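Input: a single structure, listed below in structure tokens.
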Amino acid sequence: MKKSEKVLLGVFAFLFLALVGGGGLTFAFKNYMAIREENESLRDRLADMNLAVSQGADWADKYGWLEETVPGFTSRQEASAKLLEAITGEAEKLGLSIGGKEFLEEARALGPDGLPLDENLGYFDQAAVKITLTGVPEKAFFAWLHALQQPKSFLGITRLQINPSGTNKTVNCEVEFTQFYREKTVPKVTKTN
């Protein structure tokens, strides 16, 4: 073999090794970076899981509090009746006369068979009543609202429209109250021998 052939063979061998070695190094670097990213995401996921486990007792306490505190009614009608009773009782205490009362029903989506779809509406069931008041004193009206909207009773004002009536600080208003509750199941009575 001539010297020029040996030099040419050496150059080609060097180029071959550089290309194959460079490709191999690039492949190895990409794999290393992918594994490193996966490790970081797994580390973050582990931290989230540890946080969730450490907060588990807090969430269990909150759930227990909800189960003890949320009012329970056997039906929407019972919840609506109790809500109206609370509203009118508080209005009577403050000398307010309620003009109109309307029970509000949720609009439920109907399926192709015409029956309501079984949707997941969240943790709470709700009953709503719309009350209309005409010519009531502002001070008594706001005292009434304040007395009714208490977080511990899961009762809230979900819509409020106030218009001045123009005489002696009185107002005309329309208020929607919503009672949030959990529907209790009625135990079935079975006949035993």
Practice task
Scan segment 139-155 and report the pairs whose first residue is surrounded by fewer than 16 Cβ atoms within 10 Å (Cβ to Cβ) and whose second residue is of a type in the set (D, E, K, R), with Cβ atoms within less than 7 Å and a gap of 6+ or a chain change.
Solution key: ALA147/GLU90
Exercise for the section: Scan segment 132-177 for residues that are farther than 16 Å from ALA91 by Cα and of a type in the set (Val, Ile, Thr) and report the count. Expected result: 3
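Matching residues to (1) polar (S, T, N, Q); (2) at pLDDT below 90:
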site	(1), (2)
LYS30	no, no
ALA52	no, yes
LYS62	no, yes
THR69	yes, yes
ALA91	no, no
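Here is a yes/no grid of residues against (1) of a type in the set (D, E, K, R); (2) more than 23 Å from GLN150 (Cβ to Cβ); (3) outside any loop (DSSP other than H, G, I, E, B):
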| position | (1), (2), (3) |
| --- | --- |
| LEU19 | no, yes, yes |
| GLU37 | yes, yes, yes |
| LYS82 | yes, no, yes |
| PHE103 | no, no, yes |
Problem - Close pairs from segment 76-103: first on the phi > 0 side of the Ramachandran plot, partner among the aliphatic types (A, V, I, L, M) and surrounded by fewer than 18 Cβ atoms within 10 Å (Cβ to Cβ), Cβ under 7 Å, at least 6 apart - result: GLY95/ALA140
Handout entry: Residue list for segment 45-79, filter: surrounded by 10 or more Cβ atoms within 10 Å (Cβ to Cβ), assigned to a helix (DSSP H, G or I) and of a type in the set (A, V, I, L, M, F, W, C)
Key = LEU46, ALA47, MET49, LEU51, ALA52, TRP59, ALA60, TRP65, LEU66, ALA79
Completion exercise
Checked against (1) among the hydroxyl-bearing types (Ser, Thr, Tyr); (2) within 36 Å of the chain's Cα centre (by Cα); (3) exposed (fewer than 10 other Cβ atoms within 10 Å of the Cβ), SER4 satisfies every condition except (2)
Problem - Residues being small (Gly, Ala, Ser) and either part of a strand (DSSP E or B) or open to solvent by less than 40 Å² (accessible area, probe 1.4 Å) (or both) - total across segment 166-180 - result: 0
Completion exercise
Out of (1) open to solvent by less than 100 Å² (accessible area, probe 1.4 Å); (2) among the charged types (D, E, K, R); (3) in a loop (DSSP other than H, G, I, E, B), the one ASP113 does not meet is (1)
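The values are calculated or read from the model by the stated rules, or taken from the named source; none is laboratory data. Everything numeric here is computed off the predicted structure, so don't read it as measured data. Positions of Cβ are generated from backbone atoms using ideal geometry, with glycine treated the same way; all protein chains shown enter the neighbour counts. The area values use the complete protein model at the heavy-atom level, side chains included, leaving out ligands, DNA and RNA. Shrake-Rupley method; radii C 1.70, N 1.55, O 1.52, S 1.80 Å.
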